[in-house]
Amino acid sequence: MVVPDPALLPPEPDRRTPVVLVAGLPGRAAAGVECVADALLGGDGVVVVRHELSELREGVVRRTVRTATDTRITVLELAHGCVSCTLRADLLPLLCTLAARESVRRIVLALDPAFEAEAVCQAIADVVVTGVVGRVDGPAARDVRVEAVLTCLDSQEWLSDATGDETLAERGLAAADDDRTVAQVAVGQVDFADAVLAIGPALDAVEQARLGAVLTRLVPEAPVAWIDDLDAVAAADIEALLARIPAGSRRGRIFDAHAPLLRGQPPLVAEYGVGLIEFAASRPFHPGRLHDALDVLLDGVVTARGRLWLATQPDEVVWLESAGGGLRVGGAGRWLAAMSEDELAQADPSRRALAALRWDDRFGDRDVSLVILAHDADPAEIRRALHWALVEDDELRLVERAPERVALWDDPFGEWHADPCDDAGELVDEVAEPKSSRGEGK
């Protein structure tokens, strides 16, 4: 008997229940979220789930589960009123329960703005769901798959939101102790999207082209639907948008700090004042000068992200991420050159392969790599400021030959960093996480 080669057999069909996540800020975008959910609800076997988190700090969450023929509202009381508890205690078990029903063909999550789609997708992939009757404990990703993440944005307001420094609390969208900015959420929602719905009255040609230039560089693979009238949106329009999403799109995948900073094939030539700026260096930053230079990333810039090498922290990969007027710096693991043999054996093989292509005999894989999306900034000024912050030749010799002396330099990033600094001029003592675990900081 001839045994077929498994590699030549067609792949097994994915029988997991597809999930579509729909996100948007309050206002016109939130109306878009409801419109998309209503449109998709018309299909057979579709369930729309929404958790209303406006009373979360009081430990109360209102959950709405809708089908084409039924709506059920449940008031949940949580021992700890937080987004993470809502995910673990209700949303993830609910996904597993719905996925087990043969009548459910697709689940639509109409996300409250307090839920970030990236955090939800990471929880689906990683968090072990326990206590679901008839199910073996394990991540919800065993039962559901992310079909797509759709983001609704207000075409008239989004760019202003994405480049400001107002916090969610200042706008009345979150509790006072939630330090996320509107820009962080606005940029994060689009950055994680597989498709975008730009909603609002028709912009003039230049404004629309400028917003389009930002979106094309932020999410180059995501199709954009420009919608003037939500009342005219039908299920066929949303299904057509979903069909335009390329096969290799993100679909809920989480990229860590060592993934390529440029995803897809974004235009590298500036249009309408919007452009990508790549900054790379094979020497570290002087921490004090870098701190002084960071303001250049907070004005006229939509977002910046990348890996930093600080002279005073030679073993640590430092991750920088900004949105509008807010910036965070935090840890992203160790450089390969600083790892033990056991640690290297556990490192991602693709990361090791890429590092081998640029390995330096003195410093290994340590380097600086940043990508900046600017909409109203001078690229030359940004590059000058960042070059100025790098160590000079005599300082580089100290980095190589006398690291114990370099360790004594003043380091504003010793406890990581958030910008703006507080009113007293001292650094905000918070730990920022890389993209693989964004958290709720700004």
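The values are calculated or read from the model by the stated rules, or taken from the named source; none is laboratory data. Keep in mind that what you see is a predicted model, and the values were worked out from it rather than measured. Every residue, glycine among them, receives a Cβ derived from its backbone with ideal geometry; neighbour counts consider all protein chains shown. Only protein heavy atoms, including side chains, enter the accessible area calculation; ligands, DNA and RNA are left aside. Shrake-Rupley method; radii C 1.70, N 1.55, O 1.52, S 1.80 Å.
The 3J(HN,Hα) values that the Karplus relation (6.51, -1.76, 1.60; θ = phi - 60°) gives for segment 280-294 are, in residue order, 9, 8, 9, 9, x, 7, 7, x, x, 5, 5, 4, 5, 8, 5 Hz. Gly and Pro appear as x.
Looking at segment 342-411, the GluC sites (Glu not before Pro) that sit in a DSSP loop and have at most 14 other Cβ atoms within 10 Å of their own Cβ are GLU392.
If only the Cβ of Lys and Arg carry +1 and only the Cβ of Asp and Glu carry -1, the dipole of the chain around its Cα centre is close to 1660 debye. Computed packing ranks the peptides 83-90, 215-222 as 215-222, 83-90, most packed first, by mean other Cβ atoms within 10 Å. Entry comment: accessible area of the chain is 47 Å² per residue, from protein heavy atoms only and a probe of 1.4 Å.
Which angle from 0 to 90°, rounded to the nearest 10, does the C-alpha axis of helix 182-191 make with the longest principal axis of the chain? Its long axis makes an angle of about 70 degrees.
Placing dummy labels 7 Å off each Cα toward the beta-carbon, the span from ARG358 to TYR272 is 3.1 nm. Local charge for ALA236 was computed over the other residues whose Cβ lies under 14 Å away, with Lys and Arg +1 and Asp and Glu -1, and equals -2. Ordering ALA213, PRO11, ALA293 by the projection of their Cα atoms onto the charge dipole of the chain, which places +1 on the Cβ of Lys and Arg and -1 on the Cβ of Asp and Glu, puts PRO11 at the extreme positive end. When you restrict to C-alpha pairs under 8 Å that are six or more residues apart and normalise by the size of the chain, the relative contact order lands at 15 percent. Segment ARG105..GLU381, full-extension length gain: 94.1 nm, with 0.36 nm per residue of separation and the alpha-carbon distance subtracted. Of all the accessible heavy-atom surface of segment 109-231, with the other protein chains kept in place and a 1.4 Å probe, what percent is carbon and sulfur? Carbon-and-sulfur percentage of accessible area, whole number: 49. A simple count of charges around LEU396, restricted to other residues whose Cβ falls under 11 Å of its Cβ and scoring Lys, Arg +1 and Asp, Glu -1, yields -1.
Across ARG142, ARG384, ARG106, the residue with the most accessible area heads the list, and the full order at a 1.4 Å probe is ARG384, ARG142, ARG106. Residues of segment 188-213 with amide nitrogen under 11 Å from the 7 Å Cα-to-Cβ point of GLU34? Of the residues in segment 188-213, none has backbone N under 11 Å from the label point off GLU34. When a 1.4 Å probe is rolled over the protein heavy atoms, the share of accessible surface on segment 275-407 that falls to carbon and sulfur comes to 46 percent.
Taking a ≥ b ≥ c as the square roots of the eigenvalues of the alpha carbon gyration tensor, segment 282-322 is oblate, as a/c is not under 1.5 and a/b does not beat b/c.
Note on VAL206 and ASP342: the extension gain reaches 43.5 nm, defined as 0.36 nm multiplied by sequence separation minus the Cα-Cα distance. Backbone amide hydrogens, once placed in the peptide plane, bring VAL127 within less than 5 Å of ALA140, excluding anything fewer than 5 places away on its chain. Seen against the Cα atoms of the chain and their longest principal axis, helix 379-389 is set at about 50 degrees. Rounded to the nearest 500, the 222 nm mean residue ellipticity of the chain from helices alone is -7500 deg cm²/dmol, with -39,500 (n - 2.57) taken per DSSP H run of at least 4 residues. GLN265 sits among other residues whose Cβ lies under 12 Å from its own Cβ, and their net charge, with Lys and Arg +1 and Asp and Glu -1, is +1.
Computed about the Cα centre, the dipole magnitude for segment 275-407 is approximately 120 debye when only Lys and Arg (+1) and Asp and Glu (-1) carry charge, each at its Cβ. Taking amide H as placed 1.01 Å from N in the peptide plane, ARG334 has its amide H under 5 Å from the amide H of VAL317, each at least 5 places away in sequence or on another chain. Rolling a 1.4 angstrom probe over segment 11-70 with all protein chains present gives an accessible area of which 47% lies on carbon and sulfur atoms. Given their separation in residues at 0.36 nm each and the Cα-Cα distance between them, CYS85 and GLU52 gain 10.5 nm when the chain is fully extended.
The residue among VAL132, VAL149, GLN265 whose Cα reaches farthest toward the positive pole of the charge dipole of the chain, with charges on the beta-carbon of Lys, Arg, Asp and Glu, is VAL132.
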